[in-house]
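Worksheet: the structure to be examined is printed underneath.
The values are calculated or read from the model by the stated rules, or taken from the named source; none is laboratory data. Everything quoted here is computed from the prediction, not taken from an experiment. Counting neighbours? That spans all protein chains shown, and the Cβs are built from the backbone with ideal geometry, glycine included.
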Amino acid sequence: MSNHNKLGINSICTHVGEVKDEQFKGAISPIYLSSSYQFYDVDIKRYPRYFNTPNQEALCRKIAALEKTEDALIFGSGMAAISSAMLTFLQKGDHIVLQQTLYGGTYNFVVEEFDKFGIEYSFTDTLHIEDFEKEIRSNTKVIFIETPSNPLLKVVDLKAVASLAKKHDIITMIDNTFASPINQTPVDFGIDIMIHSATKYMGGHSDILAGAVAASKEHIEKLWSLAKNFGGSLSDFTVWMLERSMKTMNLRVKCQNENALKMAKYLEGNPNVERVYYPGLLSHEDHELAKSQMKGFGGMLSFELKENLDAMEFQRNLQLIKPSMSLAGVESTLLSPSQTSHALLSAEEREKQGIKDGLIRFSVGIEETEDLITDIEQAIDKL
C-alpha cells in the first residue's frame with residue numbers, strides 16, 4: 001500500500017505489509033517457506049539471508065510505515081539488530097557515546113566486544129543533554145540512546161539529542177523497544193535509526209524472537225551490506241507470525257498503557273512499596289518530558305518493596321502474574337533485573353545505574369487490573 005501515510009494506526013497495523021494471496025484470495029498473508037528461489041528470468045534474486053523473501057520484504061514495509069521511515073530490516077533477535085546497526089556505522093578508530101542506563105545486553109556487547117574492533121566508547125554520567133555533549137570527541141560517529149530505559153524507565157530528550165548530533169554530524173540510534181512505535185516515533189524528533197527487540201511489543205505473545213531496524217533507505221542499504229554477511233536473518237515462519245501479531249499491536253499496547261498507569265498509581269499508594277518508576281506518574285522526574293514526546297507512557301514499570309520484604313519471595317508467592325525472563329506479552333510478568341536482564345553487570349555497575357538488588361521490573365499485560373492487584377496483595381500478605 002503506497003498511500004499508507006493517510007491510514008490510521010489500526011489500519012497500518014492490519015493492512016500495510018500484507019502479502020497478497022493472488023492464487024486463492026485468502027484474507028491473510030500466505031507464507032512462503034522456500035529457502036531457494038529461481039535465479040534467472042526474475043526481477044529479484046531472492047535468498048533468505050539477503051532479507052528479501054516475500055514475507056520478509058512485506059513485514060519490513062509494515063515496520064517502516066509504523067516508524068514513519070523509508071525502509072526497515074528484520075533480524076533474528078533484538079541484539080542482532082543492535083550489533084548490526086552499531087557495526088555498520090562504526091569502524092576501527094571511531095567513537096560512540098551511549099547513555100548511562102541501558103539494556104544489559106547492549107552494555108555487555110559494547111564493553112565485551114568493542115575493544116577487539118578498535119572502537120572507542122564512553123557512557124554519560126546522567127541523561128542530561130550536557131552529559132552527552134561533554135562526551136563527544138572528534139572521532140564520535142554515533143550517539144546511542146534508549147528511552148524509556150530498561151529497567152528504571154528514565155526518559156531522554158529526543159529533540160535535544162538529535163539537535164546535538166546534527167550539529168556535530170553524528171548519527172543517532174535509539175532502542176525504541178519499551179515505547180514501541182505506538183507510543184513513540186523518534187523520527188518525528190530527528191532521530192536517524194530506530195531499533196527494536198521485535199520479540200517484545202511487536203510480537204506481543206511471548207512466542208517469537210526477532211529484531212528490527214527502521215531508517216532512511218540510504219541507512220538501510222548500508223546496514224543491509226553488512227547484515228547479509230553477518231547472517232542474522234529471520235525464518236519466514238517467524239516473519240509470518242510477527243506480521244500476524246502486529247495486526248493487534250495498537251489494541252494491545254493501548255490496553256497495556258492504561259493498565260500500567262493504573263498499576264503504577266496503585267503501587268505508589270501501597271504502604272509496602274518503597275518506590276515506583278513509571279513515566280506516567282506525576283512523581284516521575286521525567287514525566288513532563290515523557291508527556292511531550294510520547295503518545296502513551298507504555299506498559300513497563302519498576303518498583304521496590306520496603307526493605308523488610310523479600311523481593312524474590314514475593315515473586316514466588318504470585319499466582320496470576322508470572323515471574324518470567326522477557327516482557328511485553330499480553331500476560332503480566334515480573335522479574336528481578338539483578339538476576340536476569342542486568343545479571344552480567346557487576347554489583348558496582350548496577351549500583352552506578354541505580355539498579356538495586358530488590359528492584360522488580362513489571363511488564364503489565366491486558367488482564368483486568370483488579371485481578372493483578374488481588375494477586376499482588378495476596379503475595380505480600382504471605383511475606
Keeping to the range 183-202, report how many residues are hydrophobic (A, V, I, L, M, F, W, C) and surrounded by fewer than 23 Cβ atoms within 10 Å (Cβ to Cβ).
-> 2
Could you grab me the full set of residues in the range 122-142 that are within 24 Å of the chain's Cα centre (by Cα), farther than 14 Å from Ile170 by Cα and either at pLDDT 95 or above or crowded, with 17+ Cβ neighbours inside 10 Å (or both)?
-> Ser122, Phe123, Thr124, Leu127, His128, Ile129, Asp131
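Conditions tested, residue by residue: (1) surrounded by 22 or more Cβ atoms within 10 Å (Cβ to Cβ); (2) over 17 Å from Ala198 (Cβ atoms).
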| site | (1), (2) |
| --- | --- |
| Ser216 | no, yes |
| Asp236 | no, no |
| Met241 | no, no |
| Gln256 | yes, no |
| Met263 | yes, yes |
| Pro279 | yes, yes |
Would you check if there is a residue in the range 290-299 being more than 30 Å from Pro186 (Cα to Cα) and among the aromatic types (Phe, Trp, Tyr)?
-> no
Quick one: Ala260 ticks every box in (1) in a loop (DSSP other than H, G, I, E, B); (2) in contact with a strand residue (DSSP E or B) (Cβ under 8 Å, 6 or more places away or on another chain) except a single one, so which number is it?
-> (1)
Could you check, for the range 238-257, whether at least one of its residues is in the same structural domain as Thr177 (by TED's automatic domain parsing), over 19 Å from the mean Cα position of the chain (by Cα), more than 15 Å from Leu359 (Cα to Cα) and in contact (Cβ under 8 Å) with a residue 40 or more places away in the chain?
-> yes
Evaluation of Val161 against (1) aliphatic (A, V, I, L, M); (2) over 26 Å from Ala264 (Cβ atoms); (3) not in a strand (DSSP E or B) (one fails), failing number = (2)
Quick one: Lys228 ticks every box in (1) closer than 29 Å to Gly299 by Cα; (2) more than 17 Å from the chain's Cα centre (by Cα) except a single one, so which number is it?
-> (1)
Applying the selection to the range 225-234, what residues are of a type outside the set (A, V, I, L, M) and crowded, with 19+ Cβ neighbours inside 10 Å?
-> Gly232, Ser233
For the range 68-84, which residues satisfy the criterion of being within 18 Å of Arg244 (Cα to Cα) and buried (at least 24 other Cβ atoms within 10 Å of the Cβ)?
-> Ala72, Leu73, Ile74, Phe75
Flagged in the range 89-116 as within 16 Å of Met194 (Cα to Cα) and surrounded by fewer than 22 Cβ atoms within 10 Å (Cβ to Cβ), in numbering order, are Phe89, Thr106
Cβ pairs under 7 Å, 6+ apart or interchain, first in the range 150-173 and acidic (Asp, Glu), second modelled with pLDDT of 95 or more and part of a helix (DSSP H, G or I), ordered by first then second residue, are Asp157/Ile129; Asp157/Leu289
Would you be able to tell me the number of residues in the range 285-317 that are among the acidic types (Asp, Glu) and not in a loop (DSSP other than H, G, I, E, B)?
-> 3
